[in-house]
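*Asks:* Next up is a structure, given as structure tokens.
The values are calculated or read from the model by the stated rules, or taken from the named source; none is laboratory data. Please read these numbers as outputs of a predicted model, since none were measured by experiment. Note that each Cβ is placed from the backbone with ideal geometry, even for glycine, and that neighbours are counted across all protein chains shown.
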Amino acid sequence: MGHDLVIVANRLPVDRAERPDGTSEWRPSPGGLVTAIEPVMRAENGVWLGWPGGTEQDLEPFEVDGLDLHPMSMTAEEIEGHYEGFSNGTLWPLYHDLVAKPEFHREWWDSYVAVNRRFADQAAELANEGALVWVQDYQMQLVPQMLRELRPDLRIGFYLHIPFPPAELFQQLPWRRQLLEGLLGADLVGFQLPGGAANFVRLVRQRVGHKTHRDLVYLPDGRTVRAAAFPISIDTQGFEELAQTPEVTARTKEIRSALGDPRKIFLGIDRLDYTKGIYARLRAYAELLADDHFDVEDAVFVQVAVPSREQVEEYQRLRDETDRLVGRINGDHGKIGRPAISYLHSSYPREEMAALYRAADIMVVTPYRDGMNLVAKEYVASQYDDAGALVLSEFAGAADELRQAWLVNPYDINGMKSALLEAYQADEKDLVKRMKAMRKTVKKHDVAAWADSFMTALADVRDHRKTVRPSRSRSDG
Ligand code: F6P
């Protein structure tokens, strides 16, 4: 039996976990993408196509918590070429403002094409006549066009979870035209911010030569593609409820007391990724200690760094640099039983994350570039008592919505120091006012609203294309 909704993503929304008896089982992964799409999947009885991690071959489709999952195996060569290589060694740094230098290798590109082709073929097999296929993220940008060629009957949406760069950066890519054409296989291409959508439309006009008008692209075959912003969000209510459970409340107390019940706790939770600005924020914090604005008896900085992409060289270098910096800061400023930075290189379940959010007085989110940053929104959702402060990079997509945060430029260490200090010294009235406003935003724009608006827009593009054609050729610039 086929499916009316097919989600195509690089990863399945589950992880392999060891049971105490040594056997293993699949558990839902805590990541943002899963939270975002799961509700739609359930409502539409969909199937999720993706890589389960590892190199195990010939896995059979399976179900976890009632979700139909279709595992796509990857060989060691494909992981190296498609995942670590082209996706995370080329596209990731290129799409994040060249925070690291992207590498361009033809064999990585070949592997990217081959894996995209395999995912498109499989999606074409699983989809019912007229089904909806929703393709996710930068690892899968060729799938829409490949799928369109195989199955013109399908409704195809694509959503990019990371930033889409300005033309000046994107055009470095030797395969820029192929990627643009790949995306144009979709009826609707969704971005986090309007700027990403505008970058895409401009590139399509300049590099592919199609006619465009505002957010619409007119293809020679008569199709219309819309490119628009759909800022992603979180399960706000779920997080707020979790944060209020007795277990999380008890764990919050435990965390504060284990840290010596300091006056203020600063918190950073990030994948250990060079886009996240962990190094710069810790330096800013260390300078505040060095300048005697407060000391380790008053405050502690808890930094959780979730291991990520550990086979990629840049990530290995970042880990070494972060380890060294934390060691130096603690050596310079720590006292017995009172480290300046409490550094954890590990991933944690949602319950522990919620307890950390509750324990934190100041959440510090300072990426150099970030599509959205759901951690910032999760922190806000957890503050059901309107307490707490958020220090947020202007270069995170979330800064467009969370205007009442202390907004910082992560390249400006002095600016970050001032913001951290202001958040540390802020009076309660100011904190509550800011948090209330941010909570209103994340409550209104939650993940259900996000998925809903994408789906509605996807249906509309199809209708639009039946009725509206441009009256004359026009290339607006
Ligand atoms: O933000 C982009 C993203 O690919 C997310 O979809 C994902 O949760 C995260 O980065 C981690 O990525 P990876 O699959 O490389 O571990």
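*Asks:* Got at least one residue in the stretch 59-66 being within 26 Å of residue 156 (Cα to Cα) and of a type in the set (Gly, Ala, Ser)?
*Replies:* Within the stretch 59-66, one or more residues are within 26 Å of residue 156 (Cα to Cα) and of a type in the set (Gly, Ala, Ser).
*Asks:* Right, another one. Assess whether residue 132 counts as being of a type in the set (A, V, I, L, M, F, W, C), within 18 Å of residue 155 (Cβ to Cβ) and either buried (at least 22 other Cβ atoms within 10 Å of the Cβ) or away from the ligand (no atom under 16 Å from the Cβ) (or both).
*Replies:* For residue 132, the condition - of a type in the set (A, V, I, L, M, F, W, C), within 18 Å of residue 155 (Cβ to Cβ) and either buried (at least 22 other Cβ atoms within 10 Å of the Cβ) or away from the ligand (no atom under 16 Å from the Cβ) (or both) - is met.
*Asks:* For the stretch 115-138, which residues satisfy the criterion of being more than 25 Å from residue 230 (Cβ to Cβ) and touching a Phe, Trp or Tyr at 6+ places or on another chain (Cβ under 9 Å)?
*Replies:* 115
*Asks:* Further, regarding this structure: Quick one: in the stretch 67-107, which of the residues that are within 16 Å of the ligand (Cβ to nearest atom) and charged (D, E, K, R) is surrounded by the fewest Cβ atoms within 10 Å (Cβ to Cβ)?
*Replies:* 97
*Asks:* Moving on to the next point. What tally of residues in the stretch 37-66 results from selecting those that are more than 21 Å from the chain's Cα centre (by Cα), among the acidic types (Asp, Glu) and surrounded by 14 or more Cβ atoms within 10 Å (Cβ to Cβ)?
*Replies:* 1
*Asks:* Also, quick follow-up: Does residue 196 fit the bill of being surrounded by 18 or more Cβ atoms within 10 Å (Cβ to Cβ) and touching an Asp or Glu at 6+ places or on another chain (Cβ under 8 Å)?
*Replies:* In short, no.
*Asks:* Let me ask you something else. Being assigned by TED's automatic domain parsing to the domain that holds residue 129 and within 15 Å of the ligand (Cβ to nearest atom): is that true of residue 51 here?
*Replies:* yes
*Asks:* Within the stretch 225-257, restricting attention to residues that are of a type in the set (A, V, I, L, M), in a helix (DSSP H, G or I) and touching a residue at least 60 places away in the same chain (Cβ under 8 Å), which residue is farthest from residue 382 (Cα to Cα)?
*Replies:* 255
Every residue, every condition in (1) surrounded by fewer than 20 Cβ atoms within 10 Å (Cβ to Cβ); (2) among the aliphatic types (A, V, I, L, M), yes or no:
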| residue | (1), (2) |
| --- | --- |
| 230 | no, no |
| 237 | yes, no |
| 251 | yes, no |
| 258 | yes, yes |
| 281 | no, no |
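*Asks:* One residue is enough: does the stretch 293-312 have a residue meeting the conditions out of contact with any Pro (no Cβ under 8 Å at 6 or more places or on another chain) and part of a helix (DSSP H, G or I)?
*Replies:* no
*Asks:* Now, a different point. Under 7 Å by Cβ, and 6 or more places apart or on different chains, what pairs join a residue from the stretch 297-308 that is at negative phi and among the small types (Gly, Ala, Ser) with one that is within 16 Å of the ligand (Cβ to nearest atom) and part of a loop (DSSP other than H, G, I, E, B)?
*Replies:* Listed pairs, sorted by first residue: 305/272; 305/345; 308/272; 308/273.
*Asks:* Could I ask something else about it? Hey, can you tell me all the residues within the stretch 124-157 that are of a type in the set (S, T, N, Q) and farther than 15 Å from residue 182 by Cβ?
*Replies:* Across the stretch 124-157, the qualifying residue is only 128.
*Asks:* Can you find a residue in the stretch 265-275 that is touching a Pro at 6+ places or on another chain (Cβ under 7 Å) and not assigned by TED's automatic domain parsing to the domain that holds residue 89?
*Replies:* Yes: one or more hits.
*Asks:* Given the criteria within 16 Å of the ligand (Cβ to nearest atom), at pLDDT 95 or above and touching an Asp or Glu at 6+ places or on another chain (Cβ under 9 Å), does residue 319 qualify?
*Replies:* Criteria met by residue 319.
*Asks:* If the requirement is being assigned to a helix (DSSP H, G or I) and either away from the ligand (no atom under 16 Å from the Cβ) or not aromatic (Phe, Trp, Tyr) (or both), which of these qualifies: 196, 190?
*Replies:* Going through 196, 190 in turn, the sole match is 196.
*Asks:* Which pairs have Cβ atoms under 7 Å, sit 6 or more apart or on different chains, and link a residue in the stretch 380-407 that is outside the structural domain of residue 191 (by TED's automatic domain parsing) and over 21 Å from residue 355 (Cβ atoms) to one that is in a loop (DSSP other than H, G, I, E, B) and aromatic (Phe, Trp, Tyr)?
*Replies:* Sorted first by the residue in the stretch 380-407, then by its partner, the pairs are 395/368.
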